[in-house]
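Heads up, the thing below is written out as structure tokens.
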Amino acid sequence: MDIILLGPPGAGKGTQAHRLVEHHGMMQLSTGDMLRETRKADTELGRKVADIMDSGGLVSDDIVSAMIDAKLADMGPEVGAIFDGYPRTEHQAAQLDEILAKHGRSLDHVIELEVNEDALVERITGRFTCANCGAGYHDTFKQPKVEGVCDECGSTEFKRRPDDNEETVRHRMSVYRNETAPILPGYEKRGIVKRVNGMGGIDEVTHAIDAILS
Ligand code: AMP
């Protein structure tokens, strides 16, 4: 089963994708994570990607679609893909259709996490992750059980994303409205869009997604 998790920055796509990986053995394909790896490299591409990400703009369609194509080439047909943060433009959505067809796959669901944008700014600016295993936390909503120690792996190193500041977040949201939301009508015509209230608790959202997948 291949699905897209769609929603503005901070809607909880990454959190829910991690759970789908754990509960259903699916594979998370997050272009944001892939680009964060790319930007670490001291190369022209790494620097270009870092500049775009820090401004909250979008990296070129061809770059992200090539990354997705390469990941799918390595995946067996039995493993379901969760597209997280991709596609983000109408062109990427068309590229994804071609890539899936090439690998003999097709989309089962586009799950839209519906959220209140104002609440998202608080969500995003408070979030941090374990530097070792990537488990997600939040200053207000989800502190580790033992302060300063990751619940999942025991690491004491945490990190925050450089683009999780209010100014960049507001820009990323307008990019979502203008570039990404327009991909929904095309999927709606195909009858594969499912909507989930993304403002519920993390477990509630997971249950709603599980109900769609079962
Ligand atoms: P994310 O982790 O999904 O919020 O992505 C962080 C940043 O990476 C975005 O603000 C964009 O600059 C870039 N990015 C991630 N995915 C894409 C994509 N599919 N297309 C273009 N840029 C992307």
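The values are calculated or read from the model by the stated rules, or taken from the named source; none is laboratory data. The shown structure was predicted, so the numbers you read here are calculated from the model rather than taken from an experiment. Neighbour counts are summed over all protein chains in view; Cβ atoms, including those assigned to glycine, are modelled from backbone coordinates with ideal geometry. Note: accessible area is taken over every heavy atom of the protein model, side chains too, but ligands, DNA and RNA are not part of it. Shrake-Rupley method; radii C 1.70, N 1.55, O 1.52, S 1.80 Å.
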Inset, instruction - Any chance you could check the Cα centroid distance between region 144-160 and region 69-83 for me, in angstrom? - result: 30 Å
Inset, instruction - Classify region 132-214 as rounded, prolate or oblate from the Cα gyration tensor: take a ≥ b ≥ c as the square roots of its eigenvalues, call it rounded if a/c is under 1.5, otherwise prolate when a/b beats b/c and oblate if not. - result: oblate
Legend entry - Sites A73 and N197, calculated FRET efficiency, Cβ-Cβ separation with R0 35 Å, nearest 0.05: 0.50
Inset, instruction - Could you sort 110-120, 78-88 so that the peptide with the highest average Cβ count within 10 Å comes first and the rest follow in order? - result: 78-88, 110-120
Inset, instruction - Only Cα pairs under 8 Å and at least 6 apart count here; give the relative contact order of the chain as a rounded whole percent. - result: 30 percent
Legend entry - Loop sites in region 118-214: chymotrypsin sites (Phe, Trp or Tyr not before Pro), DSSP, at most 14 other Cβ within 10 Å: F141
Inset, instruction - Let me know the shape class of region 5-122, please: from the alpha-carbon gyration tensor, a ≥ b ≥ c as square roots of the eigenvalues, rounded when a/c is under 1.5, otherwise prolate if a/b is greater than b/c, or oblate. - result: oblate
Inset, instruction - Heavy atoms only, probe 1.4 Å: what % of the accessible area of region 1-130 goes to carbon and sulfur, would you let me know? - result: 49 percent
Legend entry - Residues of type lysines that K145 reaches as a straight line, Cα spacing below 25 Å, ignoring anything fewer than 8 places off in the same chain: K13, K159
Legend entry - Overall form of the chain per C-alpha gyration tensor (a/c, 1.5; a/b vs b/c): rounded
